[in-house]
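Once you've had a glance at the structure underneath, I'll fire off some questions.
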């Protein structure tokens, strides 16, 4: 491994340790943050951070395997960085829960800490991008540039949107005596309700299936008598079904978007399983999920994740295009469009063929 590769892997290991530590910190903050724009921002950045950690790990591994056996000292440095990062996260998490004089104060202090973390990550990836560019390592430089954009966007949102709002909330609570922090709306409370709701849903489905089997068994044992009664009522039953079908068709034609589940097996999925599937949906499908969820369980975790994913497509009809169609469009795209496609694709379908095409297009426009 060359001197450059040793140094860039060291920097990547440092970045990876920071990302992994931040995952734990963000999870703890979500648990104590009420529903609203701040928690939505943290949840979105948690998804980004997981993606950053995976991409940095992959790049560091690729560089390390260029030479047989790698560098034992470098491996030790990477392990040390990861352990230190995890220790910082685990040590900080309990403190997050007790700091400040009010719930509003705790959330504000967490947001201020996040600003410091974002600034550290921006500095780290700036150094990585600079070093990689100077040595012709375009792949690592592009990785750093991509992540820098996410970190800068999060820092800008915290400074320009969330910190001012959270500061106003602290003033109302601690100075004016008008608190707004509601523990029942925090991520931990929502998670507890979802677990309880999932258990209740499972119990309900089990009871329904048992009742159905019982009715089926009872119907079979009634024999020919049941059949004759069924035939005697067939005329009125047919008319009833016909009327019911007519009403159903009329209801659907009235445009009730929440009448049918937007995902196969939707009602059998808990909130966590649904959230995991949302990233691959089109904007039209996300709108259908929001309508259906509001009409039924109205789970905040699902609705807030849908809100975070709802955004303009890179261009009209993008969601309906396959990889080859997107690739063709990227050949003549400008730098801003390429960046928009890359960011949108990572948050949604995450198709490797499209992401590779954005990297080639970015290189061509630079």
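The values are calculated or read from the model by the stated rules, or taken from the named source; none is laboratory data. Quick caveat: nothing in here was measured; it's all calculated off a predicted structure. Using ideal geometry, Cβ is built from the backbone for each residue, glycine included, and neighbour counts are taken over all protein chains shown.
Any residue at all in the stretch 145-165 that's more than 21 Å from the chain's Cα centre (by Cα) and either under 27 Å from residue 359 (Cβ atoms) or not assigned by TED's automatic domain parsing to the domain that holds residue 60 (or both)?
Yes, the stretch 145-165 contains a residue that is more than 21 Å from the chain's Cα centre (by Cα) and either under 27 Å from residue 359 (Cβ atoms) or not assigned by TED's automatic domain parsing to the domain that holds residue 60 (or both).
Here is a further query. Does at least one position in the stretch 106-118 carry a residue that is loosely packed, with under 12 Cβ neighbours inside 10 Å, modelled with pLDDT of 50 or more and part of a helix (DSSP H, G or I)?
Checking the stretch 106-118: at least one residue is loosely packed, with under 12 Cβ neighbours inside 10 Å, modelled with pLDDT of 50 or more and part of a helix (DSSP H, G or I).
Any residue in the stretch 258-283 that's more than 18 Å from residue 51 (Cα to Cα): show its pairings with residues that are part of a loop (DSSP other than H, G, I, E, B) at Cβ separation under 7 Å, as long as the two are six or more apart or on different chains.
Note: pairs meeting the criteria are 267/261; 271/299; 283/310; 283/313.
Going through the stretch 324-342 one residue at a time, which ones are assigned to a helix (DSSP H, G or I) and surrounded by fewer than 16 Cβ atoms within 10 Å (Cβ to Cβ)?
Across the stretch 324-342, the qualifying residues are 324, 325, 328, 335, 336.
Considering only the stretch 168-186, state which residues are surrounded by 14 or more Cβ atoms within 10 Å (Cβ to Cβ), in contact with a helix residue (DSSP H, G or I) (Cβ under 6 Å, 6 or more places away or on another chain) and farther than 18 Å from residue 40 by Cβ.
Once the filter is applied, which keeps residues that are surrounded by 14 or more Cβ atoms within 10 Å (Cβ to Cβ), in contact with a helix residue (DSSP H, G or I) (Cβ under 6 Å, 6 or more places away or on another chain) and farther than 18 Å from residue 40 by Cβ, the stretch 168-186 yields 170, 173, 179.
Within the stretch 289-304, does at least one residue satisfy the condition of being touching a helix residue (DSSP H, G or I) at 6+ places or on another chain (Cβ under 7 Å), closer than 26 Å to residue 148 by Cα and exposed (fewer than 14 other Cβ atoms within 10 Å of the Cβ)?
Checked the stretch 289-304: no residue is touching a helix residue (DSSP H, G or I) at 6+ places or on another chain (Cβ under 7 Å), closer than 26 Å to residue 148 by Cα and exposed (fewer than 14 other Cβ atoms within 10 Å of the Cβ).
Being crowded, with 16+ Cβ neighbours inside 10 Å and modelled with pLDDT of 50 or more narrows it down to one residue among 60, 123; which is it?
Step by step, each of 60, 123 is checked, and only 60 is crowded, with 16+ Cβ neighbours inside 10 Å and modelled with pLDDT of 50 or more.
Taking the stretch 63-80 on its own, how many of its residues are within 27 Å of residue 356 (Cα to Cα) and either in a helix (DSSP H, G or I) or modelled with pLDDT of 90 or more (or both)?
Result for the stretch 63-80: 2.
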